[in-house]
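Quick notes on the structure that follows.
The values are calculated or read from the model by the stated rules, or taken from the named source; none is laboratory data. All values derive from a computational prediction rather than experimental measurement. No Cβ is skipped: glycine too gets one built from the backbone with ideal geometry, and neighbour counts run over all protein chains shown.
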Amino acid sequence: MAKLSLPLVVINFKTYPQATGEKAVLLAQSCEAVAKEYGVSIAVAPQVSDLYLVSHAVGIPVFSQHMDPGDPGQYTGHVLGEALVEAGCTGTLLNHSERRMQLADIEAAVRKAEHLNLMTIVCSNNPLVSVAAATINPSAVAVEPPELIGSGISVSKAKPEVITNTVDMIRKVNKEVLILCGAGITTGDDVKIAIKLGSQGVLLASAVAKSNKPLEVLKGLVAPIAK
């Protein structure tokens with residue numbers, strides 16, 4: 001299984017047509033090329049239908065965009081951890097603002113993921129929810145103000161206090177969980193500022209997944225934090 005190192009850049013492919021099917025594979029391969037060139041850890045989160053193809057085409061970490069709690073059986077339409085393992089996943093996002101979950105289901109999914117050796121990135125919308133997520137002890141918490149998602153206005157510049165407050169509050173209850181941030185992250189400067197504010201990485205989507213020149217965008221994003 002691919003491992004994570006810090007700082008971490010997670011690219012969510014969402015359901016953008018530019019990152020679907022064979023294009024998802026090509027985008028993931030671009031992410032892998034940039035990760036190797038710059039020595040920065042990049043993980044990708046394609047659609048469920050593309051997980052197997054992507055995970056077998058690249059060696060970087062591949063995350064699902066969602067996972068349901070529960071065991072194999074009568075769960076039509078659910079995304080179970082066992083299927084993610086078979087697809088070659090490293091882990092999964094949980095509770096993205098576009099795929100909300102109940103707190104009890106988040107906890108159950110985190111525990112199931114632990115059992116399957118899958119990493120978990122629990123998304124949250126503000127510092128208070130981030131603290132609640134951190135107490136569940138996932139692999140990472142990613143704070144993303146929903147009003148900035150896809151806006152091109154980065155959280156690190158528009159609402160830096162969201163990052164600093166999240167870091168301060170989480171560290172009072174969990175010293176180990178990784179802390180990521182997202183929403184509107186577009187440039188390398190956005191990433192660099194986020195790291196300076198205490199984030200250990202970023203979660204972003206449209207800046208890369210919708211770009212006509214994703215390789216160039218990726219290089220610009222990671223160059224300021226390259227080793």
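Tally the residues that are outside any strand (DSSP E or B) and farther than 30 Å from Tyr38 by Cβ, restricting the search to the range 54-98.
Of the residues in that region, 15 qualify.
So, in the range 195-217, how many residues would count as being of a type in the set (A, V, I, L, M, F, W, C), over 15 Å from the mean Cα position of the chain (by Cα) and either at pLDDT 95 or above or in a helix (DSSP H, G or I) (or both)?
Qualifying residue count, the range 195-217: 3.
Going by the structure shown, is Gly150 modelled with pLDDT under 95, under 17 Å from Val48 (Cβ atoms) and part of a loop (DSSP other than H, G, I, E, B)?
no
Would you be able to say whether some residue in the range 93-115 is in contact with a Phe, Trp or Tyr (Cβ under 8 Å, 6 or more places away or on another chain), at pLDDT 95 or above and either buried (at least 22 other Cβ atoms within 10 Å of the Cβ) or not hydroxyl-bearing (Ser, Thr, Tyr) (or both)?
Looking through the range 93-115, at least one residue is in contact with a Phe, Trp or Tyr (Cβ under 8 Å, 6 or more places away or on another chain), at pLDDT 95 or above and either buried (at least 22 other Cβ atoms within 10 Å of the Cβ) or not hydroxyl-bearing (Ser, Thr, Tyr) (or both).
Condition (residue is assigned to a helix (DSSP H, G or I) and either polar (S, T, N, Q) or closer than 30 Å to Leu103 by Cα (or both)) applied to the range 172-189: is it met by at least one residue?
No - not one qualifying residue is present in the range 172-189.
Which residue pairs have Cβ atoms closer than 8 Å, lie 6 or more positions apart in sequence or on different chains, and pair a first residue in the range 44-58 that is touching a residue at least 40 places away in the same chain (Cβ under 8 Å) with a second residue that is among the aromatic types (Phe, Trp, Tyr) and surrounded by 18 or more Cβ atoms within 10 Å (Cβ to Cβ)?
Cβ pairs passing all conditions: Ala45/Phe13; Ala45/Phe63.
Of a type outside the set (S, T, N, Q), over 18 Å from Phe13 (Cβ atoms) and free of Cβ contacts under 8 Å to residues at least 12 places away in the same chain: does that describe Lys175?
yes
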